[in-house]
Amino acid sequence: MPYLLDGDNLVGAALGRRGETERDALVSEIAGRLRRTKARVVLYFDGPGRGSSLGNLTVRFSGASSADDAIVREIAASPRAREATVVTADRGLSRRARDAGAKTMTPAEFWDRFGAEAKKGAARPEEKPVDVEDWLRWFAKKGDREG
């Protein structure tokens, strides 16, 4: 079972604000980090929206319910709930996820785990920490880039 991420919680914890631009930047950042792994991630956002799939990353919107409720429903419906890991800084969701049988992980632990994957290559130079403001500026200028 994949990592189940509380998307708006991750965006809010990292940036203190939530919006479509920040959501898009989070999706791009996670998709980039997952390219180097076999991990599967389902990223949940509150409210209506169109889901998508980018390699190992699936993006889902909760519709009329909360993303927290959608995550807990997915755990409860799975015969392998113990293999799920919920990533959130929300204590209430962490408790509900553990009560449903899943493991939990903080956003910092998730970033540490998936930021370290790029460093496994023997000849790679040490990477600098992610500058969130820099990647938000870069992804906000989609029309200004080639490729």
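The values are calculated or read from the model by the stated rules, or taken from the named source; none is laboratory data. All figures in this text were calculated on a predicted structure; none of them were measured in a lab. Cβ coordinates were reconstructed from backbone atoms using ideal geometry, including for glycine residues, and neighbour counts include every protein chain displayed.
Can you find a residue that is closer than 23 Å to LEU136 by Cβ and either surrounded by 13 or more Cβ atoms within 10 Å (Cβ to Cβ) or among the basic types (Lys, Arg) (or both) anywhere in segment 68-78? Don't jump to the end; show me each part of the working.
Just the residues of segment 68-78 that are closer than 23 Å to LEU136 by Cβ, to begin with: none.
Within segment 68-78, not a single residue is closer than 23 Å to LEU136 by Cβ and either surrounded by 13 or more Cβ atoms within 10 Å (Cβ to Cβ) or among the basic types (Lys, Arg) (or both).
Within segment 74-97, can one find any residue that is in a helix (DSSP H, G or I) and in contact with a Lys or Arg (Cβ under 7 Å, 6 or more places away or on another chain)? Walk me through it before giving the result.
So the first thing to find is which residues in segment 74-97 are in a helix (DSSP H, G or I), and the list is 74-77, 81-83, 91-97.
From the residues that got through so far, the ones that are in contact with a Lys or Arg (Cβ under 7 Å, 6 or more places away or on another chain) too are none.
For segment 74-97, residues in a helix (DSSP H, G or I) and in contact with a Lys or Arg (Cβ under 7 Å, 6 or more places away or on another chain): absent.
I need the full set of residues from segment 81-96 which are touching a residue at least 40 places away in the same chain (Cβ under 8 Å) and under 24 Å from ARG33 (Cβ atoms), in order please.
The answer is GLU83, ALA84, THR85, VAL86, VAL87, THR88, ALA89, ASP90, LEU93.
If I ask for residues that are in a loop (DSSP other than H, G, I, E, B) and hydrophobic (A, V, I, L, M, F, W, C), which ones from segment 27-45 would you list?
Within segment 27-45, the first condition is being in a loop (DSSP other than H, G, I, E, B), and the residues that meet it are 35-40.
Answer for segment 27-45, where residues must be in a loop (DSSP other than H, G, I, E, B) and hydrophobic (A, V, I, L, M, F, W, C): just ALA39.
Could you list, in sequence order, the residues of segment 52-65 that are assigned to a loop (DSSP other than H, G, I, E, B), touching a strand residue (DSSP E or B) at 6+ places or on another chain (Cβ under 7 Å) and either farther than 18 Å from VAL87 by Cβ or hydroxyl-bearing (Ser, Thr, Tyr) (or both)? It would help to see each step written out before you state the result.
Here is the first cut: in segment 52-65, the residues assigned to a loop (DSSP other than H, G, I, E, B) are 55-56, 62-65.
Checking which are touching a strand residue (DSSP E or B) at 6+ places or on another chain (Cβ under 7 Å) leaves us with 56, 62.
SER62 - this is the single residue of segment 52-65 that is assigned to a loop (DSSP other than H, G, I, E, B), touching a strand residue (DSSP E or B) at 6+ places or on another chain (Cβ under 7 Å) and either farther than 18 Å from VAL87 by Cβ or hydroxyl-bearing (Ser, Thr, Tyr) (or both).
Please pick out the residue among ASP68, ASP112 that is at pLDDT below 95 and of a type in the set (Asp, Glu).
Working: ASP68 fails: at pLDDT below 95.
From the options ASP68, ASP112, the qualifying one is ASP112.
Would you be able to tell me the number of residues in segment 38-62 that are among the hydroxyl-bearing types (Ser, Thr, Tyr) and either surrounded by 14 or more Cβ atoms within 10 Å (Cβ to Cβ) or within 10 Å of LEU5 (Cβ to Cβ) (or both)?
Taking segment 38-62 and keeping what is among the hydroxyl-bearing types (Ser, Thr, Tyr), we get 44, 52-53, 58, 62.
With either surrounded by 14 or more Cβ atoms within 10 Å (Cβ to Cβ) or within 10 Å of LEU5 (Cβ to Cβ) (or both) added as a condition, the list becomes 44, 58, 62.
Residues meeting the conditions: 3.
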